[in-house]
Amino acid sequence: MEYNHKEIEERWQKFWADTKTFTAKNNSDSPKYYVLDMFPYPSGAGLHVGHPLGYIASDIYSRYKRAQGFNVLHPMGYDSFGLPAEQYAIQTGQHPAVTTEQNIKRYREQLDKLGFSFDWDRQVKTSDPSYYKWTQWIFLQLFNSWYNPETDKAEPIDSLIKKFESERSDWKTLSEKEKSDVLMDYRIAYLGEAFVNWCPALGTVLANDEVKDGVSERGGYPVERKLMKQWSMRITAYAERLLTGLDSIDWSESIKEAQRNWIGKSEGCSIRFKIRHPELVSGSDNEMLKQVQHDDTTIEVFTTRPDTLFGITFLTLAPEHELVSKITTEENKQQVEAYLNYAKNRSERDRQADVKKITGQFTGAYAIHPFTGKQIPIWVGDYVLAGYGTGAVMAVPGGDQRDWNFAKHFGLPIIPVIEGSDIEKEANESKEGKMINSDFLNGLQVKEAIKKIIAEIEKRGLGKGKINYRLRDAAFGRQRYWGEPIPIYYKDGIPFAVDEKDLPIVLPEVDKFLPTEDGEPPLARAKDWTYTPHPQPFSKGEGSREPQTSGAVSDSLSFGEGRGEAKEAYPLETTTMPGWAGSSWYYLRYMDPHNEKEFVSKAAADYWKDVDFYLGGSEHATGHLLYVRFWTKFLKDRGFISIEEPAKKLVNQGMIQGVSEFAWVTVSKEVLGKLLSVVNISSDFIEQYEGPAYLSADLVGEVYKIAMKDPEVNTKYSFLKQVNNSTFPIQARKQDRNDVNDLVALDLNVVFNVWPDRKEAVFISQGCALIKNRLIDFENGKSKDFFSRGTIDKMSKSKHNVVNPDELVEKFGADTLRMYEMFLGPLEQSKPWNTNGITGVSGFLKKFWKLYLNTSEEKASAAELKILHNTIKKITDDIEKLSFNTSVSTFMICVNELTDLKCNKREILEPLVILIAPFAPHIAEELWKNFGNNESVTFAKWPEYKEEYTVENSFSYPVSFNGKTRFFHELDVALSKEDVEKEVMALEQTQKYLEGKQPKKVIVVPKKIVNIVV
RNA sequence: GCCGAGGUGAUGAAACUGGUAAACAUGCUUGUCUUAGAAACAAGAUUUUGAGAGUUCGAAUCUCUCCUUCGGCACCA
């Protein structure tokens, strides 16, 4: 009977679905184990071979844990809110809910074909109102909480109101609006004015982690800084806990490091500088010190190097700094304003792109050095970031390279403060050395100096030791449609929380998914986007601050809707939540997905606790993985769950890359002509050339070789570029690609079908050129094929290099694909996809199947038992280490050996089925059933390794001379070192290799090696 | 610039606490079978661990220096 993967896989997939094999129980005597995959965004492109890599690994682990007797929770769902569906909706008018649903359906079909053991009854979709009801609910908890630095945790906002009532005498006199404004500065979800990353092309604000190199991560559109009123999350309150928590979790070092960088803790000191009184133009240093006491304007700076205080020669303020306009003198006003204008109009990308460009302007104002009384000029410069520290720096050009650059550029003085600094050449940023030119710090080592100066600064009340974090509060509002509505309404301009009873606030219908004419977010297009608050029967009326006792945290500020008051509709918030809102708590919802009363029941949360094993891509290092930790800590603070960290162990699977077909492009006519003349190709046609021109890859090699010898061409060679649009669809390959470096001929007609605009381009190969689809034959007898070279690239629909798993499942079966993906290499390593090797795994499964054709009940031989138990041990160890590639090899070795022994014994083959079941579950179920088992192999007990079957009583010692192995000699393992040495020395071969010399030393390592030193 | 992970045959890779480098697979060559191809089966070949130094009887593995690839952060005071 042939191995028929199609029939087997269909049968068992149906069986699993029908019998709900993988349902996880919320109460069980078995120990729990929670295996979680990062849920996918259901894109229109469907799954490619890279997506399942992690799912396969986690599935193997889940199935293994089940066989070990654990109650395994292994769910799957969809992160179904997001930009691509909305962009698509804008283009086509199709509702994102519709396309998202289609995509989910397709994903599900593809996932089902791979035989995953997900508990589909627990599926969540973040865009489902029954799910986002609770995302909104969590938002309300965040809105109604503040971070109490004394208890170091989040508390209900009521505790803050009480505190204000007792501690602030003016509290009662404040208006409703004023109270709201004060509280807003404390709420964890708050509406605040801040500089945000505004992306005009997407029409929305982006969080810091959604911006890379000054452009949006999705789409690559420019981003600018803009001061906006915006919903934000006070993640900064959790900076220290997010940092220290990293030490308690088993996550990859690279992710932890990325988070540490992102949090960016630095220890230093704040110092306040007084500003010289504008009328006092000159005077002795002492007079200055006295005089400034009368002016209460100060500039506060943050520094990690307070020891260099005596090296200050100027202060620099960020252009956005609020004091700039206040302190700028009349004479300098014009230039400073011009500069501020310039800085404002420079986009983030421009600013980051030429960081070397030094710009700035003198304000005309002076600060006074708090120790020396010297006047320090105050400058504005955009090398100082408004968002970090205080937005102002004390410039020490002798000790900081950026300050040094600025000082050099504007001719400001530079004072060395550390012995041995060569301030002519560069700043000395070293934290080692002896202080000079620094008054009472002179002679101290840097570290001592830092301690001493902080103490002195604190003593004189100039500032204090301080810890700063680079982490910023996260922008939470998005001016987009396809996201969770923020459950906030506005009454008299004051934001109020929607009553929990009214959740979910369902996404309204809109006519277009675009901003309104006056730039309001799409939700502003909805009719009646308003909210009518309930009368509050228990409200004590105006001014009441009694916390609600119902347990539900409704908005304690929503007084005023007294009993019997007329219902009135108020406008709702029009921005929506970002993509990371729904994913910041989904792991909790899986525990109790159908609960209509709570986001998760206490019982379910207490049973499943945290994720034991979380698997996903490393691209979420500073986004999702930071936010999910933040929300977890918050929910714990408020007593909803009992865990501090969401996932004990996190593994990042490597990316499966694609191979793109690629050809070089020239952008200049001159270079093209020169290059072609180098390889003796007629360049007559160049007259008709208008870029871009693609060069066949075989031509480029030749051109390159010759060009390197010609200095003129060599320098211009850089005009020959790899650019984004120089890749070609893989369908255009005329033959299969074996290796990335191979040249492959392309069928340009296929290219034109995929990308019609390429017809306008110029293609040059050795024997001909194609210009706007017109062929020019060089008639030189050379190849007319256009070749591309492979390049490792991201696998994506837009690159046309996607390998679809469906075709492979169709041809080879899911079990083969699963094992092949694992066989490719270590889980955490990125690697380009290459389908070629799959035949090896396919052949292996056929061979495996054959072993089971005529099984017998005979007793197994010692040799067979040894193979089995070695396999049990290796497979078990490998799964524990997540070394699935070596597991697959082990199975291959095992099957090869059993085949050689013609083994057909049930005693060996039945346990082997259990071992392979996590990897190739379909074939395992089939063979398991054939042995007469009625239950799924899923719950068969994992075979136990028995050492007694694998002990060897002899070992073949490699005998080496000076470390070089020369021959082998088999000896009893029970022999002592001395006996082994005696035996080996007595050998004829040993004497032969000794060539009559006396050995200096003989090293015997039992069961390892014999080394003879001559 | 800082941080993290790497660098082993033609290719994907393996090698546990230093102890036979290249298991397993792909590719390649040859043969059997077949009308032919695919498949299946059988046989076979290649290399010395990025470079250099050190420790050691012995180093892919430990230490140092350098080169290099990938990823993250980056005007963060």
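The values are calculated or read from the model by the stated rules, or taken from the named source; none is laboratory data. Given the structure is predicted, the values throughout are model-derived calculations rather than measurements. In this analysis, Cβ positions are derived from the backbone assuming ideal geometry, glycine residues included, and neighbour counts consider all displayed protein chains. Just the protein is used for accessible areas: all its heavy atoms, side chains included, with ligands, DNA and RNA removed. Shrake-Rupley method; radii C 1.70, N 1.55, O 1.52, S 1.80 Å.
Can you pull out every residue in segment A:835-857 that is loosely packed, with under 15 Cβ neighbours inside 10 Å, polar (S, T, N, Q) and within 7 Å of RNA strand B (Cβ to nearest atom)?
A:Asn836, A:Thr839
Looking at (1) more than 16 Å from RNA strand B (Cβ to nearest atom); (2) open to solvent by less than 10 Å² (accessible area, probe 1.4 Å), can you tell me which one A:Leu650 breaks?
A:Leu650 satisfies every listed condition except (1).
Of everything in segment A:313-350 that's of a type in the set (Lys, Arg) and open to solvent by 50 Å² or more (accessible area, probe 1.4 Å), which residue is modelled with the highest pLDDT? Give the derivation first.
First, the residues of segment A:313-350 that are of a type in the set (Lys, Arg): A:326, A:333, A:344, A:346, A:349.
Adding the requirement that they be open to solvent by 50 Å² or more (accessible area, probe 1.4 Å) leaves A:326, A:333, A:344, A:349.
Working: A:Lys326: 84, A:Lys333: 89, A:Lys344: 78, A:Arg349: 65.
Selected residue: A:Lys333.
Pull up segment A:803-831, narrow it to residues that are buried (at least 20 other Cβ atoms within 10 Å of the Cβ) and assigned to a loop (DSSP other than H, G, I, E, B), then point me to the one that is farthest from RNA strand B (Cβ to nearest atom).
A:Gly813
Is there a residue in segment A:68-83 that is free of Cβ contacts under 8 Å to residues at least 60 places away in the same chain, over 20 Å from A:Arg589 (Cα atoms) and either among the aliphatic types (A, V, I, L, M) or surrounded by fewer than 24 Cβ atoms within 10 Å (Cβ to Cβ) (or both)?
yes
Look at segment A:900-959 and say how many of its residues are of a type in the set (S, T, N, Q), over 46 Å from the mean Cα position of the chain (by Cα) and over 20 Å from A:Ser856 (Cβ atoms). Can you show your working first?
As a first pass, look at segment A:900-959 and keep what is of a type in the set (S, T, N, Q): A:904, A:930, A:933-934, A:936, A:938, A:950, A:953-954, A:956.
Among the residues that remain, those that are also over 46 Å from the mean Cα position of the chain (by Cα) are: A:904, A:953-954, A:956.
The next check asks that each one be over 20 Å from A:Ser856 (Cβ atoms); those that pass are A:953-954, A:956.
Looking only at that region, the number is 3.
I'm trying to understand the selection: among the residues of segment A:895-905, which are near RNA strand B (Cβ under 10 Å from one of its atoms) and either farther than 17 Å from A:Ser842 by Cβ or of a type in the set (Asp, Glu) (or both)?
A:Glu897, A:Asp900 - these are the residues of segment A:895-905 that are near RNA strand B (Cβ under 10 Å from one of its atoms) and either farther than 17 Å from A:Ser842 by Cβ or of a type in the set (Asp, Glu) (or both).
Inspect all residues belonging to segment A:858-874 and state whether any of them is in a helix (DSSP H, G or I), more than 10 Å from RNA strand B (Cβ to nearest atom) and among the hydroxyl-bearing types (Ser, Thr, Tyr).
The answer is yes; a qualifying residue exists.
Mind checking which strands (runs of 3 or more DSSP E) fall wholly inside segment A:451-517 and carry at least 3 residues that are open to solvent by 20 Å² or more (accessible area, probe 1.4 Å)?
On the way: elements: A:463-469, A:488-491, A:494-497.
Per the criteria, A:463-469.
For segment A:558-570, which positions are surrounded by 14 or more Cβ atoms within 10 Å (Cβ to Cβ) and modelled with pLDDT of 50 or more?
Step one: filter segment A:558-570 for residues surrounded by 14 or more Cβ atoms within 10 Å (Cβ to Cβ), giving A:558-562, A:570.
Result: A:Tyr570, single match.
Taking segment A:926-947, which residues are of a type outside the set (A, V, I, L, M, F, W, C), touching a residue at least 40 places away in the same chain (Cβ under 8 Å) and surrounded by fewer than 17 Cβ atoms within 10 Å (Cβ to Cβ)?
In the first step, residues of segment A:926-947 are kept if they are of a type outside the set (A, V, I, L, M, F, W, C); the result is A:926, A:929-930, A:932-936, A:938, A:941, A:943-947.
Subsequent filtering for residues that are touching a residue at least 40 places away in the same chain (Cβ under 8 Å) retains A:926, A:930, A:936, A:938, A:941, A:943-947.
A:Asn930, A:Lys941, A:Glu944, A:Lys946, A:Glu947, listed by residue number.
How many residues are of a type in the set (Phe, Trp, Tyr), more than 19 Å from A:Ser80 (Cβ to Cβ) and part of a loop (DSSP other than H, G, I, E, B) if we restrict to segment A:1-53? Spell out the reasoning first.
Applying the first criterion (of a type in the set (Phe, Trp, Tyr)) to segment A:1-53 yields A:3, A:12, A:15-16, A:22, A:33-34, A:39, A:41.
After this cut, where a residue has to be more than 19 Å from A:Ser80 (Cβ to Cβ) as well, the list is A:3, A:12, A:15-16, A:22, A:33-34.
Filter again for part of a loop (DSSP other than H, G, I, E, B), leaving A:3, A:22.
The total comes to 2.
Can you find, within segment A:274-312, the residue that is modelled with the lowest pLDDT among those that are open to solvent by less than 30 Å² (accessible area, probe 1.4 Å) and part of a strand (DSSP E or B)?
It comes out as A:Ile275.
Listed here are the residues, each with its yes/no results for (1) open to solvent by 20 Å² or more (accessible area, probe 1.4 Å); (2) in a loop (DSSP other than H, G, I, E, B).
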| position | (1), (2) |
| --- | --- |
| A:Ala581 | no, no |
| A:Phe599 | no, yes |
| A:Ala604 | no, no |
| A:Leu615 | no, no |
| A:Glu619 | yes, no |
| A:Val628 | no, no |
| A:Lys636 | yes, no |
| A:Ile641 | no, yes |
| A:Gln657 | yes, no |
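Can you tell me which of (1) among the basic types (Lys, Arg); (2) in contact with a Phe, Trp or Tyr (Cβ under 7 Å, 6 or more places away or on another chain); (3) assigned by TED's automatic domain parsing to the domain that holds A:Ile418 is the one A:Lys447 doesn't meet?
Among (1) among the basic types (Lys, Arg); (2) in contact with a Phe, Trp or Tyr (Cβ under 7 Å, 6 or more places away or on another chain); (3) assigned by TED's automatic domain parsing to the domain that holds A:Ile418, A:Lys447 violates only (2).
Has segment A:908-915 got any residue that is open to solvent by 10 Å² or more (accessible area, probe 1.4 Å) and in contact (Cβ under 8 Å) with a residue 40 or more places away in the chain?
The answer is yes; a qualifying residue exists.
Kindly check whether there is at least one residue in segment A:153-168 that is farther than 27 Å from A:Pro593 by Cβ, in contact with a Pro (Cβ under 7 Å, 6 or more places away or on another chain) and open to solvent by less than 30 Å² (accessible area, probe 1.4 Å).
yes
Have a look at A:Gln94, A:Gln110, A:Gln87 and point out the one that is more than 25 Å from the chain's Cα centre (by Cα), surrounded by fewer than 23 Cβ atoms within 10 Å (Cβ to Cβ), at pLDDT below 95 and of a type outside the set (Val, Ile, Thr).
Working: A:Gln110 fails: more than 25 Å from the chain's Cα centre (by Cα); A:Gln87 fails: more than 25 Å from the chain's Cα centre (by Cα).
Only one candidate qualifies: A:Gln94.
Does segment A:886-899 contain at least one residue that is under 21 Å from A:Met655 (Cβ atoms) and surrounded by 18 or more Cβ atoms within 10 Å (Cβ to Cβ)?
yes
Just to be sure before I move on: is A:Glu880 acidic (Asp, Glu), farther than 30 Å from A:Leu53 by Cα and more than 10 Å from RNA strand B (Cβ to nearest atom) in the structure I sent? So that I can check it myself, show each step before the final result.
Values: acidic (Asp, Glu): yes; farther than 30 Å from A:Leu53 by Cα: no; more than 10 Å from RNA strand B (Cβ to nearest atom): yes.
Considered against the rule, which asks whether it is acidic (Asp, Glu), farther than 30 Å from A:Leu53 by Cα and more than 10 Å from RNA strand B (Cβ to nearest atom), A:Glu880 comes out as no.
Quick one: in segment A:241-271, which of the residues that are away from RNA strand B (no atom under 12 Å from the Cβ) and surrounded by 15 or more Cβ atoms within 10 Å (Cβ to Cβ) is farthest from A:Pro306 (Cα to Cα)? Before the answer, list the steps.
At the first step, the residues of segment A:241-271 found to be away from RNA strand B (no atom under 12 Å from the Cβ) are A:241-250.
Those left that are additionally surrounded by 15 or more Cβ atoms within 10 Å (Cβ to Cβ): A:241-243, A:245-246, A:249.
On the way: A:Arg241: 26, A:Leu242: 27, A:Leu243: 24, A:Gly245: 29, A:Leu246: 29, A:Ile249: 34 Å.
My answer is A:Ile249.
Would you be able to tell me the number of residues in segment A:732-758 that are within 15 Å of A:Ala693 (Cβ to Cβ) and modelled with pLDDT of 80 or more?
The first filter runs over segment A:732-758 and keeps only residues within 15 Å of A:Ala693 (Cβ to Cβ), leaving A:748, A:751, A:757-758.
Filter once more, keeping what is modelled with pLDDT of 80 or more: A:748, A:751.
So the count comes out to 2.
Are any of the residues in segment A:397-409 small (Gly, Ala, Ser), surrounded by 17 or more Cβ atoms within 10 Å (Cβ to Cβ) and in contact with a Leu (Cβ under 7 Å, 6 or more places away or on another chain)?
Step one: of segment A:397-409, the residues small (Gly, Ala, Ser) are A:398-399, A:407.
Filter again for surrounded by 17 or more Cβ atoms within 10 Å (Cβ to Cβ), leaving A:398-399, A:407.
Right, trim to in contact with a Leu (Cβ under 7 Å, 6 or more places away or on another chain) and you get none.
Within segment A:397-409, none of the residues are small (Gly, Ala, Ser), surrounded by 17 or more Cβ atoms within 10 Å (Cβ to Cβ) and in contact with a Leu (Cβ under 7 Å, 6 or more places away or on another chain).
Name every residue in segment A:628-657 that is of a type outside the set (Gly, Ala, Ser) and over 26 Å from A:Asn26 (Cβ atoms), in order of residue number.
Our first condition is that a residue be of a type outside the set (Gly, Ala, Ser); within segment A:628-657, this holds for A:628-638, A:640-641, A:643-646, A:648-653, A:655-657.
Correct list: A:Phe630, A:Asn652, A:Gln653, A:Met655, A:Ile656, A:Gln657.
Only one of (1) within 16 Å of RNA strand B (Cβ to nearest atom); (2) of a type outside the set (S, T, N, Q); (3) part of a helix (DSSP H, G or I) is not met by A:Lys997, so which one is it?
Of everything listed in (1) within 16 Å of RNA strand B (Cβ to nearest atom); (2) of a type outside the set (S, T, N, Q); (3) part of a helix (DSSP H, G or I), A:Lys997 misses just condition (3).
For segment A:149-266, which fully contained helices (runs of 4 or more DSSP H) count at least 2 residues that are without any contact (Cβ under 8 Å) to a residue 12 or more places away in the chain and on the phi < 0 side of the Ramachandran plot?
Details: elements: A:157-167, A:176-184, A:239-245, A:253-263.
Because the criterion is at least 2 residues that are without any contact (Cβ under 8 Å) to a residue 12 or more places away in the chain and on the phi < 0 side of the Ramachandran plot, the helices (runs of 4 or more DSSP H) in segment A:149-266 that meet it are A:157-167, A:176-184, A:253-263.
So, in segment A:356-385, of the ones that are open to solvent by 40 Å² or more (accessible area, probe 1.4 Å) and either under 12 Å from A:Val324 (Cβ atoms) or not assigned by TED's automatic domain parsing to the domain that holds A:Ile423 (or both), which residue ends up farthest from RNA strand B (Cβ to nearest atom)?
Across segment A:356-385, the extreme among qualifying residues is A:Phe362.
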